[in-house]
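Some notes on the structure that comes next.
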Amino acid sequence: ILKRVLKAEKLEVVSHLAASISHEVRNPLTSIKGFLQLMSDKSLSQEKREEYVKISLQELDRATQIINDYLTFAKPVSEDTDRINVHMEIQNCINVLTPLANMANVQFRINFLYEDIHVIGEKSKLKQCMINTIKNGIEACENSGIIEIQTEIISDQVNIKISDNGKGMTKDQVERLGEPYFSTKTTGTGLGMMVTCSIIKAMKGKIQFHSEVGVGTEVLMSLPTEKK
Ligand code: ADP
Ligand code: MG
């Protein structure tokens, strides 16, 4: 029975994500369609036309952002039994984010205290969590940013600590993390942390945030390690 309950919970998370993404992407698409319809009017002024193109491009960016926050690594078939090499996946995320980090003048520091660590779960989802978190770290850094990533094993849990020396958050902001649409960025989706928190929950893990304005933020993910 327990197994069935776990499965049901997992399905709930997955279908919730699927429902939100289709809803979220539909909105910008609908507005782009509206602007294209308006633009087919031959008498439309050049000025209006330019404005509508600009808004449509912004809306397209938004749709892409939403897909990035939800589905960068999604696979068509859900596999929740990958044996995940945590360090390999972290390195993989760093490779993906290096161009973004370079543009923001941010450096990575990695500190793996143990050799191979494995967890069981869906590789693509764990990657999505780490990408969303590391990306927030990069976006929070103003100048000469440093993102530190550390792993350690405490009894049967692996702790993945991702910290930045960026602008930090107030207590209220920390409390709102994971709430859908909470964003302080002009082009943020406010969906990245919601996705991250629900994935960690589905993997039977925990996520904690410590942050101080002007000092930085530390995100601690704990996941059960593979049973030997
Ligand atoms: P988005 O990045 O699209 O705004 P997220 O769900 O990823 O949405 O993050 C929500 C908000 O939490 C961000 O807008 C930001 O205000 C805050 N936040 C998240 N991570 C950090 C961080 N490392 N440093 C500072 N603020 C952060
Ligand atoms: Mg984000």
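Number of residues in the stretch 149-199 that are closer than 28 Å to VAL25 by Cβ and within 7 Å of ligand 1 (Cβ to nearest atom): the value is 14.
This table checks each residue for (1) surrounded by fewer than 19 Cβ atoms within 10 Å (Cβ to Cβ); (2) touching a Ser or Thr at 6+ places or on another chain (Cβ under 8 Å); (3) modelled with pLDDT of 95 or more.
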{"position": "VAL158", "(1), (2), (3)": "no, yes, yes"}
{"position": "LYS161", "(1), (2), (3)": "yes, yes, yes"}
{"position": "LYS167", "(1), (2), (3)": "yes, no, yes"}
{"position": "LYS171", "(1), (2), (3)": "yes, no, yes"}
{"position": "THR186", "(1), (2), (3)": "yes, no, no"}
{"position": "THR189", "(1), (2), (3)": "no, yes, no"}
{"position": "ALA202", "(1), (2), (3)": "no, no, no"}
{"position": "PHE209", "(1), (2), (3)": "yes, yes, yes"}
{"position": "VAL213", "(1), (2), (3)": "yes, yes, yes"}
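Going through (1) more than 27 Å from SER183 (Cα to Cα); (2) of a type in the set (A, V, I, L, M, F, W, C); (3) within 16 Å of ligand 2 (Cβ to nearest atom) one by one, ILE131 falls short only on (1).
Scanning the stretch 26-75 for residues that are among the basic types (Lys, Arg) and surrounded by fewer than 15 Cβ atoms within 10 Å (Cβ to Cβ), we see that the one that is modelled with the lowest pLDDT is LYS75. Would a scan of the stretch 170-190 turn up a residue that is under 22 Å from ASP61 (Cα atoms) and of a type in the set (A, V, I, L, M, F, W, C)? Checked against the condition, which is being under 22 Å from ASP61 (Cα atoms) and of a type in the set (A, V, I, L, M, F, W, C), the stretch 170-190 yields at least one hit.
Residue count for the stretch 164-199, restricted to those that are out of contact with any Gly (no Cβ under 6 Å at 6 or more places or on another chain) and within 15 Å of ligand 2 (Cβ to nearest atom): 22.
The values are calculated or read from the model by the stated rules, or taken from the named source; none is laboratory data. As the structure is a computational prediction, the values presented were derived from the model and not from experiment. Here the Cβ is made from the backbone with ideal geometry for all residues, glycine too, and neighbour counts use every protein chain on show.
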